[in-house]
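These notes are about the structure you will find just below.
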Amino acid sequence: MLRAGRFALTAATLICTAAVAGCASSGSSEPAASDSTPAASPSTPAASSNTPAVATPSSSAPGTPACATSALQVKLGSSDGYAGGVYVTIDFTNTSGSTCTLFGYPGVSLVTGPPYKQIGLAAKRSTSTPKKLVTLAAGATANAQLQIVDALNFPSASCGPTKATALKIYPPNQTEPVYLPNTSTGCSKPVQILYIGAVRPAS
């Protein structure tokens, strides 16, 4: 009887141990299930990172560029003499093949040379022609009117008459000049004889 009791106790102990092991085995499956959850969650940020950033047209489309000196053919056009001086038209023709713009006043002075050296004062801006943005298609022309007052209108002592060899011309807002032959007489002393108007569409 004692042996039978011990056998029953041992069997009960083994059954309980197996049951505990089974519980532990079934409980170990939870981490595997939890590992599968974060594997799916990154799909949301991954989708958003593949969306390209698109600039709006207003922020990415540049405006029409200013006409560079290299994009222009600059030449003297018509002239109109008057008692005491002459008006000369300066033509700016777009030779670049692309549309560009001109705005404001050319820079103009009389020079000797080469090597070129400025004679007296550069042209003063004339406000009689208001500034206006001029858009030049390929091949189109704009112009500005230059007034050259006869240096002989002034006493030689205060003018210092000097014969020029060229006009030095900067297109509006550019730093590269062009030189056009011109033999006007300038004043080497600070006497204002040049006046320049703003660019405008050629008529």
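A few notes on this one:
- Based on C-alpha pairs under 8 angstrom that are at least 6 apart in sequence, the stretch 55-154 has a relative contact order of 32 percent.
- Taking 0.36 nm per residue of sequence separation and removing the Cα-Cα distance, the Thr69/Lys163 pair yields an extension gain of 31.2 nm.
- Cα centroid of the stretch 179-203 to Cα centroid of the stretch 113-144, whole Å: 9
- Set of lysines near Lys189 by C-alpha distance (under 21 Å), chain-local residues within fewer than 8 positions excluded: Lys117, Lys124, Lys163, Lys168
- Cβ-defined net charge surrounding Thr141, 11 Å radius [Lys, Arg +1; Asp, Glu -1]: +1
- 1.4 Å probe accessible area per residue over the stretch 71-192, in Å²: 51
- Extension gain (nm, one decimal) between Thr99 and Thr127, 0.36 nm per residue minus Cα-Cα: 7.4 nm
- Using R0 = 30 Å, the C-beta based FRET efficiency linking Ala137 and Asn173 works out to 0.95.
- Taking amide H atoms as placed 1.01 Å from N in the peptide plane, the amide H of Gln192 has no partner under 5 Å among residues 5 or more positions away or on other chains.
- Once the chain from Ser203 to Tyr87 is taken as fully extended at 0.36 nm per residue, the excess over their C-alpha distance is 40.2 nm.
The values are calculated or read from the model by the stated rules, or taken from the named source; none is laboratory data. Keep in mind that what you see is a predicted model, and the values were worked out from it rather than measured. Every residue, glycine among them, receives a Cβ derived from its backbone with ideal geometry; neighbour counts consider all protein chains shown. All accessible areas refer to the heavy atoms of the entire protein, side chains included, with ligands and DNA or RNA removed. Shrake-Rupley method; radii C 1.70, N 1.55, O 1.52, S 1.80 Å.
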